[in-house]
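K.L.:
Sharing a structure here in structure tokens format.
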Amino acid sequence: MLASLNLPIQLKNSGGQLKVITNPKEHLKSVGESYFEHGGSAISWGFFLLFTGLVLIVHGIFPFIFPFLPARNIRKINKKLDEREELVRDKD
């Protein structure tokens with residue numbers, strides 16, 4: 001499906017260098033996920049980020065509501081991204 005597209009996708013790695021993904025199959029292989037696993041993960045993270053954004057908005061208006069949840073969620077996101085980056089870097 002998407003693998004047949006030959007789109008240049010640009011990502012920055014931790015060193016700030018640009019990495020161009022020309023074949024989506026390579027990206028899926030580098031993260032060790034199938035198309036549907038990757039899609040499910042992306043959708044799941046998208047909803048988690050939306051939830052965290054809404055919590056931040058509520059917290060911004062009412063600071064006494066959710067005093068620690070936004071920071072905890074941001075740390076969780078950062079930790080997962082760091083773990084994923086290490087996994088991809090180890091495969092290169």
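K.L.:
What pairs come up if the first residue lies in the stretch 65-83 and is in a helix (DSSP H, G or I), the second is surrounded by 12 or more Cβ atoms within 10 Å (Cβ to Cβ), and their beta carbons are under 6 Å apart, counting only those six or more places apart or on different chains?
P.N.:
What qualifies is Leu69/Val55; Pro70/Val55; Pro70/Leu56; Pro70/His59; Asn73/Thr52.
K.L.:
Would you check if Lys29 is at pLDDT 85 or above and in a helix (DSSP H, G or I)?
P.N.:
Considered against the rule, which asks whether it is at pLDDT 85 or above and in a helix (DSSP H, G or I), Lys29 comes out as no.
K.L.:
Out of all the residues in the stretch 3-15, is one or more surrounded by 10 or more Cβ atoms within 10 Å (Cβ to Cβ) and at pLDDT 65 or above?
P.N.:
No, the stretch 3-15 contains no residue that is surrounded by 10 or more Cβ atoms within 10 Å (Cβ to Cβ) and at pLDDT 65 or above.
K.L.:
What are the pairs with Cβ atoms under 8 angstrom where one residue, in the stretch 37-48, is closer than 15 Å to Lys80 by Cα and the other, located anywhere, is not in a helix (DSSP H, G or I)? Sequence gap at least six, or different chains.
P.N.:
Ser41/Glu33
K.L.:
Within the stretch 81-91, identify whether any single residue is at pLDDT 90 or above and surrounded by 10 or more Cβ atoms within 10 Å (Cβ to Cβ), and answer yes or no.
P.N.:
Taking every residue of the stretch 81-91 in turn, none turns out to be at pLDDT 90 or above and surrounded by 10 or more Cβ atoms within 10 Å (Cβ to Cβ).
The values are calculated or read from the model by the stated rules, or taken from the named source; none is laboratory data. Fair warning: this is a prediction, and the values are worked out from it, not measured in the lab. No Cβ is skipped: glycine too gets one built from the backbone with ideal geometry, and neighbour counts run over all protein chains shown.
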